[in-house]
Amino acid sequence: MNKRPVSKIVASSLAVLTIAASQAAMAARDHISIVGSSTVYPFTTTVAERFSRATQFKTPVVESTGTGGGMKLFCQGVGEGTADITGASRRIKESELEMCNENGVDVVEVQVGYDGIVLANAKSAEQFELSRKDLFLALAKEVPNPDGSETLVANPYKTWKDVNPALPNTEIEVLGPPPTSGTRDAFAELAMEGGCKKFDWIAAKKKEDKSAYKAICHTIREDGAYIEAGENDNLIVNKLVANPKALGIFGFSFLDQNADKVHGSIIEGEKPTFDSIAEQSYPVSRPLFIYVKKAHANVIPGMKQFLAEFTSERAWGEDGYLADKGMIPLPAAKRQQVVQDVRKLNALSNLAKKQ
């Protein structure tokens, strides 16, 4: 008698459990549950409100948990108590995709637009003009030795003028998101690393020891110059108004919505604007995503209709209501491709396939 391989039996059993859990979710919950990025949150909330007004479905419940926190909740498994969608202000990590897959979660990736990360301060204060190298030297835990040797020292810089004589003689005080935030991850990769690799001897370490290189470039100082201000970007804006000497890190949409209170620093000659981010000339820009639980798409009421609304031209198009909120649209051809992928609900098997 032929025996089925154990791996196939386990896979088959998992599939049955996934279907059963999904059906249980449908029976027990009549609304869409969304978690994730604080940057993606206002866009998702806007779509949720439009969706509920235009359909008979209940308004999706949207929670701002941060990108990393959202991934943990999303990847817990399938069923009533787990999220259907998570927003992310960076791409899913390989480790997160593995966690999802190990828990029976098939992930559908949906890139929804672009965003820029800004370093802003109160309009009552002077607008900064910075380079990514300035940002690395100001905020890294360890920096190249000021004596010119190829060694690292604990960050000695107290003022912006210490970092670059052309900058103001004011204390380095930056309010930013915590490690669970996709904005923090993207800032470390795009701004900090962008400045870090300007030092050739550090850049060379990437081939020798990638982990060591990343630790140097991505680790933010912990001596009070960088202040974790939580996931609430509106709170950061209010603190900047109250303290004109401080700068804050958040997504472009919050700058756009608070243009009467704060202005964004010019980075390497580029102002953070809708056009500069869309053209990718602003050096600290990033893609935005939502990730969808495939097993829930056919059983949670309104899931497919919600995805259709999010990826409609009236929502994410060049003249759509999300652009009015500050999200930078994808190029037209890219939007068409994403719509096709969403309709097929193609699961993400590995990250290399969609680079």
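None of the figures in this text is laboratory data; all of them are computed from the coordinates on show. Owing to the predicted nature of the structure, the values given are computational and were not obtained by experimental measurement. Heads up, the Cβs are rebuilt from the backbone with ideal geometry, glycines too, and the neighbour counts pull from every protein chain shown.
Assorted remarks:
- Take the Cβ atoms of E222 and L73, set R0 to 30 Å, and the FRET efficiency comes out at 0.65.
- Principal semi-axes in Å for segment 209-304 [√(5λ), Cα gyration tensor, largest first]: 29, 22, 18
- Above-threshold pairs, the threshold being 24 Å between Cα atoms, out of K133/K325; K133/K205; K141/K198; K133/K214; K141/K210: K133/K325
- DSSP-assigned coil residues among GluC sites (Glu not before Pro) in segment 85-153, each with at most 15 further Cβ atoms within 10 Å: E126, E150
- Counted over the chain, the DSSP beta bridges are approximately 70% antiparallel.
- A compact globular protein would have a Cα radius of gyration near 2.2 N^0.38 Å; the ratio found for the chain is 1.08.
- DSSP beta bridges confined to segment 17-156 are antiparallel in about 40 percent of cases.
- Pairwise FRET efficiency - S149 versus H31, Cβ, R0 = 51 Å, nearest 0.05: 0.30
- Where labels lie 7 Å past Cα in the beta-carbon direction, separation of A242 and S312 in nm: 4.1
- Sparsely packed loop sites in segment 253-355 (the chymotrypsin sites (Phe, Trp or Tyr not before Pro) outside DSSP H, G, I, E and B with at most 10 other Cβ atoms within 10 Å) do not occur.
- Segment 240-293-segment 299-313 distance, computed between alpha-carbon centres (Å): 28
- GNM flexibility winner over the chain from Q305, Q127, Q340 (Cα, springs under 10 Å): Q340
- Listed by number, the DSSP H helices of the chain that run 15 Å or longer by alpha-carbon position along their axis and have mean Kyte hydropathy of at least -0.5 are 6-28, 41-54.
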